[in-house]
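Working notes, beginning with the structure itself.
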Amino acid sequence: MRKIHVIGIGAGDPEQLTLQAVRVLRSTDVFFVLDKGEVKSDLTRLRHDILATHLPDGGYRLVEARDPERDRTAGGAAYSPAVGDWRSARAGIYERLIAGELGEDESGAFLVWGDPALYDSTIGILEEILDRRPGAFTYDVVPGVSSVSSLVARHRTGLNRVAGPVQITTGRRLAEGLPEGVDDVVVMLDAHQAFQRYADQDIDIYWGAYIGTPDEILESGPIAEAAPRITRLRAEARERKGWIMDTYLLRRNPGGRRRT
């Protein structure tokens with residue numbers, strides 16, 4: 001029976017892998033890596049660096065395939081179907097890789113940024129394949145250090161305050177309004193910098209880009225003061241590298257003004 005490992009590899013720092021992740025890496029025969037193209041070649045190189053750090057003697061095969069393009073222009077009601085089409089295209093690639101590159105008694109692995117359970121599609125894609133081909137393989141999941149955990153650690157703060165909830169959401173959702181009854185909000189996948197619309201409120205922001213990598217950028221402070229700096233840093237970084245991955249924590253202060 002083919003075995004697949006879904007391994008959380010943290011936000012980019014090879015030292016952030018757990019002991020469990022390193023043990024599973026060392027027992028894996030084949031690593032599958034999706035190439036996102038020249039612009040995002042850094043992401044592929046970081047995976048290579050992680051393998052070189054923890055498996056210096058080799059002894060494994062590396063299989064790369066091109067990641068399918070996603071329609072990033074789709075918005076509104078078309079957004080979810082576009083994501084669904086992209087995930088299905090990925091599922092087809094994964095299915096071919098597992099069937100064609102992995103022997104019956106071998107184990108393969110997908111290296112997932114951060115934690116596989118947080119805004120990642122790998123688990124859902126493997127389930128889609130098993131729906132079509134029951135028993136084609138088994139899989140397990142190794143948790144990783146998420147960019148959210150790394151963000152608050154680098155800013156030396158916590159996700160929530162005493163007895164208070166924290167919500168993790170997307171920039172698309174934040175643009176619709178801050179969640180009611182939650183004063184600590186983590187935002188991921190914010191391509192349009194939705195935090196700017198709250199610059200008139202009593203909110204602190206803790207922001208980070210390329211967290212856990214040599215290109216890491218951090219910024220924090222009252223949102224009215226920090227938002228222009230973050231917008232500038234983000235634009236400069238995107239121009240320099242051609243892509244950006246960032247996340248941030250919004251912390252509403254007690255008695256802070258709320259947008260109506």
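State all residues of the range 173-219 that are among the acidic types (Asp, Glu) and under 21 Å from ASN253 (Cα atoms); if no residue qualifies, say none.
In the first step, residues of the range 173-219 are kept if they are among the acidic types (Asp, Glu); the result is 176, 180, 183-184, 190, 200, 202, 204, 215-216, 219.
Listed by number, the residues that qualify are GLU176, GLU180, ASP183, ASP184, ASP200, ASP202, ASP204, GLU219.
Of all the strands (runs of 3 or more DSSP E) wholly in the range 194-260, which have at least 2 residues that are in contact with a His (Cβ under 7 Å, 6 or more places away or on another chain) and on the phi < 0 side of the Ramachandran plot?
217-222
Do we find that LEU118 is within 15 Å of LEU34 (Cα to Cα), among the aliphatic types (A, V, I, L, M) and either part of a loop (DSSP other than H, G, I, E, B) or in contact (Cβ under 8 Å) with a residue 40 or more places away in the chain (or both) in this structure?
no
Which residue, of LEU34, LEU25, is in contact (Cβ under 8 Å) with a residue 40 or more places away in the chain and either part of a helix (DSSP H, G or I) or assigned by TED's automatic domain parsing to the domain that holds GLY212 (or both)?
Exactly one of LEU34, LEU25 is in contact (Cβ under 8 Å) with a residue 40 or more places away in the chain and either part of a helix (DSSP H, G or I) or assigned by TED's automatic domain parsing to the domain that holds GLY212 (or both), namely LEU25.
Being over 18 Å from TYR119 (Cβ atoms) and hydrophobic (A, V, I, L, M, F, W, C) is the filter here; which residues of the range 183-228 pass it?
Scanning the range 183-228 gives ALA199, ILE203, ILE205, ILE217, LEU218, ILE223, ALA224, ALA226, ALA227.
Just one of the numbered conditions (1) assigned to a loop (DSSP other than H, G, I, E, B); (2) of a type outside the set (Lys, Arg); (3) more than 30 Å from ASP202 (Cα to Cα) is not true of GLU128; which one?
Of the numbered conditions (1) assigned to a loop (DSSP other than H, G, I, E, B); (2) of a type outside the set (Lys, Arg); (3) more than 30 Å from ASP202 (Cα to Cα), the odd one out for GLU128 is (1).
Regarding the range 192-212, can at least one residue be identified that is free of Cβ contacts under 8 Å to residues at least 12 places away in the same chain and surrounded by fewer than 19 Cβ atoms within 10 Å (Cβ to Cβ)?
no
Could you say whether any residue in the range 222-238 is surrounded by 15 or more Cβ atoms within 10 Å (Cβ to Cβ), at pLDDT below 95 and touching a helix residue (DSSP H, G or I) at 6+ places or on another chain (Cβ under 7 Å)?
No.
Among the candidates GLY92, GLY12, GLY84, GLY100, which residue alone is in the same structural domain as TYR119 (by TED's automatic domain parsing) and part of a loop (DSSP other than H, G, I, E, B)?
Of the residues listed, the single one that is in the same structural domain as TYR119 (by TED's automatic domain parsing) and part of a loop (DSSP other than H, G, I, E, B) is GLY12.
Tell me whether the range 173-184 contains one or more residues that are outside any loop (DSSP other than H, G, I, E, B), within 30 Å of SER41 (Cβ to Cβ), among the basic types (Lys, Arg) and in contact with a strand residue (DSSP E or B) (Cβ under 9 Å, 6 or more places away or on another chain).
No: zero hits.
Can you name every residue in the range 125-157 that is loosely packed, with under 14 Cβ neighbours inside 10 Å and of a type outside the set (Asp, Glu)?
At the first step, the residues of the range 125-157 found to be loosely packed, with under 14 Cβ neighbours inside 10 Å are 127, 131-135, 138, 140, 156.
Correct list: ARG132, ARG133, PRO134, GLY135, THR138, ARG156.
Kindly check whether there is at least one residue in the range 73-84 that is in contact with a helix residue (DSSP H, G or I) (Cβ under 6 Å, 6 or more places away or on another chain) and either among the aliphatic types (A, V, I, L, M) or surrounded by 15 or more Cβ atoms within 10 Å (Cβ to Cβ) (or both).
Filtering the range 73-84 down to residues in contact with a helix residue (DSSP H, G or I) (Cβ under 6 Å, 6 or more places away or on another chain) leaves 74.
Next, only the ones that are either among the aliphatic types (A, V, I, L, M) or surrounded by 15 or more Cβ atoms within 10 Å (Cβ to Cβ) (or both) stay: 74.
Scanning the range 73-84 turns up at least one residue that is in contact with a helix residue (DSSP H, G or I) (Cβ under 6 Å, 6 or more places away or on another chain) and either among the aliphatic types (A, V, I, L, M) or surrounded by 15 or more Cβ atoms within 10 Å (Cβ to Cβ) (or both).
Which one of these does THR169 not meet: (1) surrounded by fewer than 19 Cβ atoms within 10 Å (Cβ to Cβ); (2) touching a Pro at 6+ places or on another chain (Cβ under 9 Å)?
(1)
The values are calculated or read from the model by the stated rules, or taken from the named source; none is laboratory data. It should be emphasised that the depicted structure is a prediction, and the values quoted were computed from it without experimental measurement. For neighbour counting, all protein chains shown are included, and Cβ atoms are generated from backbone atoms with ideal geometry for every residue, glycine included.
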